[in-house]
1. Normalised by the residues of chain B, what does the relative contact order come to in percent, with Cα pairs under 8 Å and at least six apart?
2. Give me the accessible area buried between chains B and A, both sides summed, with a 1.4 Å probe, in Å² rounded to the nearest 100.
3. Quote the charge dipole size of chain A about the Cα centre in Debye, to the nearest 20; the model charges only the Cβ of Lys and Arg (+1) and of Asp and Glu (-1).
4. Sort B:F425, B:F201 by heavy-atom solvent-accessible area, probe 1.4 angstrom, most to least.
5. If DNA, RNA and ligands are ignored and the probe is 1.4 Å, what is the ranking of A:K114, A:K154 by accessible area, most exposed first?
6. On average, how much accessible surface per residue is there in the range B:2-295, in Å², for a 1.4 Å probe, leaving out ligands, DNA and RNA?
7. Using the Cβ atoms and a cut-off under 14 Å, what net charge is assigned to the surroundings of B:G297, where Lys and Arg are +1 and Asp and Glu are -1?
8. Can you find, among B:Y247, B:T93, B:Q44, the residue sitting farthest towards the positive end of the charge dipole of chain B, where Lys and Arg contribute +1 and Asp and Glu -1 at Cβ?
Amino acid sequence: MTADLIVRDLHVAVEEKVILKGVNLELKKGEIHALMGPNGSGKSTLANVLMGNPFYQVIKGEVLFKGEDLLSMSPDERARKGLFIAFQYPVSIPGVSFASFLRTAVSARRGYEKELMPISEFQKLVREKLGLLQLDPSILTRYVNDGFSGGEKKRAEILQLAMLEPEVAILDETDSGLDIDGVKVVAEGIQALYERSQGNLGILLITHYSRILKYIRPHTVHVMFDGRLVVSGGPDLAEELDARGYDWIREQYAVVTAEIQETGAVRRAGKVFWVQH
Amino acid sequence: MVGDSRTQLVAAQLTRETLLALSKQLREPEWLQKRRLEAFDLYQQLPMPGPHLEEWRRTDLSGLALDSLTPYGQGMILEDELRRLIAFLKSLTGAPEGDRKEEWAGLLVQGSSGVLLQDQSEALKAQGVLFMDLRSAIREVPDLLQEYLMVRCIRPDEDKFRALHAAFLAGGTFLYVPRGVEIALPLISSVWIEGEGVAIFPHTLVVAESQSKVTLIEDHRSSGGEAQAFSAGAVELILGDGAHVRYISLGNWALNTWEVSTIRGILGRDATLHTLVASFGGNVVKVNVESILQGQGATSEMLGVFFGTGRQHFDFHTLQEHQSPHTTSDLLYKGALADRAYSVFAGLIRAHYGAQKTNAFQSNRNLILSDGARADSMPKLEIMANDLRCTHGASVSRIDEEYIFYLMSRGLTRIQAVHMIVDGFFSEVLDRLPLEGLREGLREEITKKMQGRGT
């Protein structure tokens with residue numbers, strides 16, 4: 001079976017500055033991939049460009065989602081087809097009721113064309129998911145992310161994941177800014193959603209720290225460095241990064257970079273590899 | 001057709017002869033006829049306001065063919081349209097389909113200047129509340145009218161349009177609430193311009209005696225057409241000590257209709273006035289909204305929503321006049337402008353010498369939805385007191401693309417996202433209204449304005 005999300009040689013710029021320099025990634029439904037890496041390596045850029053944030057310009061490469069050209073789709077088409085992103089910094093939108101936004105979003109995802117999903121059905125669904133994330137129902141009466149605490153924002157993102165039932169979800173540092181208890185609630189929520197999906201949810205879990213991986217066991221761990229995925233491995237890689245930090249990757253990466261400039265060939269130094277296209 | 005033929009003055013113009021004929025036809029008392037003629041003289045003497053005046057620099061009335069307009073028109077309406085209008089008015093009170101009279105305390109529907117429907121609860125009458133069209137009021141309570149009509153609040157000599165209004169005023173609403181009477185349910189009044197080339201002069205006079213409480217919703221609409229229609233209205237709100245008045249003006253004019261109106265409240269000691277001006281329709285609409293905080297401890301909330309599309313032009317000149325200590329005013333006007341629409345907001349806070357411990361807030365926010373749309377916002381302060389709290393803010397901005405991306409990332413189309421954000425923009429005002437049916441009605445108007453355009 002081919003992967004549901006295929007990223008090939010993706011190059012992305014923000015205001016002339018090249019951030020992603022050739023990202024390759026394959027993710028199948030039912031898999032959990034962790035994407036780690038130091039700050040500024042391009043993790044959030046990858047997440048945003050996959051969702052279609054107009055602030056980022058794709059300069060090269062392609063992305064297939066369920067066999068279709070993802071990059072030619074508008075963000076809303078991507079969402080309706082089953083792609084989801086939990087934002088690192090969700091924007092607050094004053095005046096827009098969280099409940100009516102959620103209902104409109106779920107209706108769009110479920111293919112309601114003219115009307116919205118019946119209110120009773122929506123309420124039943126949302127009540128169940130609120131419980132899962134230990135969110136107070138009063139959050140529905142508030143404006144989208146407006147005045148939410150850091151923890152509420154992150155849980156509200158996962159609530160949207162739960163409501164929209166995507167096939168591939170990108171979680172952009174959903175654990176950052178939370179204390180241990182906060183991480184636990186969010187991670188357990190994600191894990192529960194993953195288990196309930198029975199193999200129909202693939203997750204790309206972007207994280208700076210390994211602590212969330214104690215609750216959510218990834219099948220594969222990637223390390224992003226300087227706009228490329230430079231190391232991939234099993235869950236043990238996350239533990240290694242936790243123990244050793246990123247410096248050893250930086251050193252090996254420097255060796256590979258130097259050699260590749262000389263020879264232009266596929267190089268490897270220790271665990272770090274780089275495929276020149 | 002339903003209507004009142006007594007005011008038909010077919011093909012007459014805005015002249016002294018028309019005025020005399022009208023006054024005679026209505027068998028008006030002498031004092032009123034005299035006032036009309038004096039006002040007409042003023043109208044002829046006063047200069048047409050134009051760009052040489054700061055107030056009129058941004059609103060051009062040169063396209064208004066005042067001399068070719070006929071006062072009042074026919075005051076007729078198709079029964080279907082009347083039924084639809086009544087259904088709309090009922091929906092403002094939150095009443096479901098069907099006749100649930102208890103949802104409002106009184107209902108008054110007038111076509112150009114004649115009464116089409118009048119209905120009020122028995123309880124209201126028993127409490128001594130007077131709620132009727134202006135002509136009936138002139139007939140039934142002339143003394144009250146002589147005492148209040150354009151005497152204490154808005155005066156004919158203020159400018160040309162107020163003089164014109166004073167000369168021709170007809171139709172509109174008279175509401176008198178005796179001392180201590182509180183009316184929980186809203187009173188609703190609707191003014192309808194039927195036909196083209198018509199000018200109307202609706203006058204609303206609300207006298208709320210001390211410790212009384214009332215809500216009046218006024219709806220304004222017109223049938224539309226090729227030729228212009230014009231409304232020169234005046235709303236006088238006179239609040240006795242401790243009176244609570246909520247006044248809501250809905251501007252749902254057709255696109256051929258021009259309007260120049262003044263809404264002014266005079267507040268006694270500890271009185272509270274809430275106004276809302278909602279403008280969605282019309283061609284060129286200029287409304288002055290003023291709260292004169294005369295009595296100590298008076299409070300005024302001034303809300304405004306407007307949504308301009310096409311080539312609509314809205315002009316709001318607001319005044320928060322603090323004449324006494326411990327007075328509070330809180331103004332919030334929010335508008336969206338699309339296509340080539342243009343809005344002007346000029347808001348003045350004036351605190352008189354001695355108006356200490358005053359709180360005055362003013363905020364005007366404008367959302368630009370198209371490259372060709374424009375909003376000018378001009379806050380102004382004249383502060384003569386030295387111990388007060390006063391803030392003002394104005395902004396003209398576009399929708400944040402980050403908001404749109406966030407909503408689209410959840411599956412909303414761009415159009416849905418923009419609609420939701422615009423709706424949210426207006427919520428800050430609408431959420432302050434305690435009338436659910438009215439909130440919904442305003443949301444529907446906003447939706448209609450959104451749907452009338454591409455994005």
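The values are calculated or read from the model by the stated rules, or taken from the named source; none is laboratory data. Just so you know, these numbers come straight off a predicted model, no measurement behind them. Please note: Cβ atoms are built from the backbone with ideal geometry, for glycine as well, and neighbour counts cover all protein chains shown. Just the protein is used for accessible areas: all its heavy atoms, side chains included, with ligands, DNA and RNA removed. Shrake-Rupley method; radii C 1.70, N 1.55, O 1.52, S 1.80 Å.
1. 10
2. 2000
3. Numbers: 33 positive and 37 negative charges, 75 e Å.
With only Lys, Arg, Asp and Glu charged at Cβ, the dipole is about 360 debye.
4. B:F425, B:F201
5. A:K114, A:K154
6. On the way: 10960 Å² over 294 residues.
Using a 1.4 Å probe on heavy atoms only, each residue of the range B:2-295 averages 37 Å².
7. 0
8. The listed residue farthest towards the positive side: B:Q44.
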